[in-house]
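Coordinate-derived values only; no laboratory data. These numbers come from a predicted model, not from an experiment. Quick reminder, even Gly has a Cβ in these numbers, built from the backbone with ideal geometry, and neighbours come from all protein chains shown.
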Amino acid sequence: MSKEQGVLYGIGVGPGDPDLMTIKAVNTIKEVDVVFTAASTKNDFSLAVNIAEKFLSENSEVKTLYFPMTKDMDISDKAWQENTDEIAAELKKGKSAAFLTLGDPMTYSTFGYILKYMKRDYPENQVEIIPGITSYQAAAARTKTILVEGEESFLLTSGAFGGERIRGLKKIENVALLKAYKNVEDITLALEENNMLKKSFGISKCGREGEEIIDDVRELSKRDPDYWTLILAKQSNNGSL
Ligand SMILES: C[S@@+](CC[C@H](N)C(=O)[O-])C[C@H]1O[C@@H](n2cnc3c(N)ncnc32)[C@H](O)[C@@H]1O
């Protein structure tokens, strides 16, 4: 797949089950020269690579890029910059590269930062995105929950700030909260205020080993937080399941 200047593919590997990867993702992963994946500086384990493992070619090199878990923007900026430079250096050699992300690369993903820096600093580089099935789509399928229908609306938001983003919602019948692993008590209160608590549930590690469906969201605040948790909720007077 080597060309004059390599292409970077941002690839979503889906929520966990390799069978949920797209054919395009699999075919591209098989062909690229270098496979990049993100790991936090605290552990060098990459779930995305594990999911795609059986499709990796013997000839492709796997490189882990470290992204610090910090709110210090100077440290983060430096890491994103260095990681983008590292990818660009491979493309410059004429190598094609894949950057693997869990779920979808355009949805709360580290790849988003790489894309921004790449566009800014290496606009000559060709980047292609291969979408993946997101965690909340997988959760909806797993639990047979309709995400949105008819003329309804659907809000996708982060739960990292608790219930803040869903307070006072009007005319939004359905919500998915990702990163619902801290401030869950506040999320619960906000769901109650919005008349959404009855038709809500949490799911941890959807489609992966250790998967757990938490029918009563209030239970979540009594447990140790699990980063891989999301909540789906809908208005209690909503007719759908
Ligand atoms: C940084 S976001 C990554 C989202 C991912 N790009 C996607 O498309 O779903 C991480 C959050 O996604 C959710 N998540 C990802 N995979 C999950 C899974 N298998 N089960 C439950 N939640 C998951 C959790 O809320 C987690 O805190």
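Phi angles of the range 225-237 translate, via the Karplus equation with coefficients 6.51, -1.76, 1.60 and θ = phi - 60°, into HN-Hα couplings of x, 10, 3, 7, 10, 9, 10, 10, 9, 9, 3, 5, 8 Hz per residue; Gly and Pro are given as x.
With only Lys, Arg, Asp and Glu charged, each at its Cβ (+1 for the first two, -1 for the last two), find how big the charge dipole of the range 1-129 is about the Cα centre; round to the nearest 20 debye. Before the final figure, lay out each step's value.
Working: 14 positive and 20 negative charges, 29 e Å.
With Lys and Arg at +1 and Asp and Glu at -1, about 140 debye.
If a spin label sat at a point 7 angstrom from the Cα of GLU4 along the line to its beta carbon, the backbone N atoms of the range 123-148 nearer than 20 Å would be those of 123-128.
Taking a straight Cα-Cα cut-off under 18 Å and skipping sequence neighbours fewer than 8 places away in the same chain, the aspartates and glutamates within cross-link reach of LYS63 are GLU31, ASP33, ASP44, GLU53, GLU82, ASP85, GLU86, GLU90. Computed from the C-beta positions of LYS30 and MET73, the FRET efficiency with R₀ = 35 Å rounds to 0.40. The gain in end-to-end length when the PHE154 to ASP19 segment is fully stretched comes to 45.9 nm, 0.36 nm per residue minus the alpha carbon separation. Taking 7 Å steps out from each Cα toward its Cβ at GLU185 and TYR227 produces label points 2.4 nm apart. Let me test this: with uniform point scatterers at the alpha carbons of the range 7-130, what is the Debye-based log₁₀ I(q)/I(0) at q = 0.09, 0.22 1/Å? Per q value, in the given order, log10 I(q)/I(0) is -0.22, -1.36.
Cβ-to-Cβ counts within 10 Å put ASP33, ASP121 in ascending order as ASP121, ASP33, the fewest first. Comparing GLU151, GLU82, GLU192 in a Gaussian network model of the chain where C-alpha atoms under 10 Å apart are linked, the largest mean-square fluctuation is found at GLU151. About its Cα centre, the chain has a charge dipole of approximately 360 debye under the convention of +1 per Lys or Arg Cβ and -1 per Asp or Glu Cβ, with nothing else charged.
Using the Karplus relation 6.51 cos²θ - 1.76 cosθ + 1.60 with θ = phi - 60°, the per-residue 3J(HN,Hα) values for the range 210-218 come to x, 3, 9, 9, 10, 5, 9, 4, 4 Hz, with x marking Gly and Pro.
Among residues other than PHE161 with Cβ under 14 Å from its Cβ, the summed charge is +2 (Lys and Arg +1, Asp and Glu -1).
Against the compact-protein benchmark of 2.2 N^0.38 Å, the Cα-based radius of gyration of the chain scales to 1.09. When the charge dipole of the range 135-234 is built from unit charges on Cβ atoms (+1 for Lys and Arg, -1 for Asp and Glu) and taken about the Cα centre, the candidate among THR188, VAL217, ILE166 whose Cα reaches farthest toward its positive end is ILE166.
Classify the range 135-234 as rounded, prolate or oblate from the Cα gyration tensor: take a ≥ b ≥ c as the square roots of its eigenvalues, call it rounded if a/c is under 1.5, otherwise prolate when a/b beats b/c and oblate if not. Could you put the intermediate results ahead of the total?
Working: a/c = 1.81, a/b = 1.15, b/c = 1.58.
Since a/c reaches 1.5 but b/c is at least a/b, the shape of the range 135-234 is classed as oblate.
Placing +1 on the Cβ of every Lys and Arg and -1 on the Cβ of every Asp and Glu, with nothing else charged, gives the range 135-234 a dipole about its Cα centre of roughly 120 debye.
Bridging of LYS199 to lysines at a Cα separation below 28 Å is possible for LYS144, LYS170, LYS171, LYS179, LYS182, LYS222, LYS234, once same-chain residues fewer than 8 apart are set aside.
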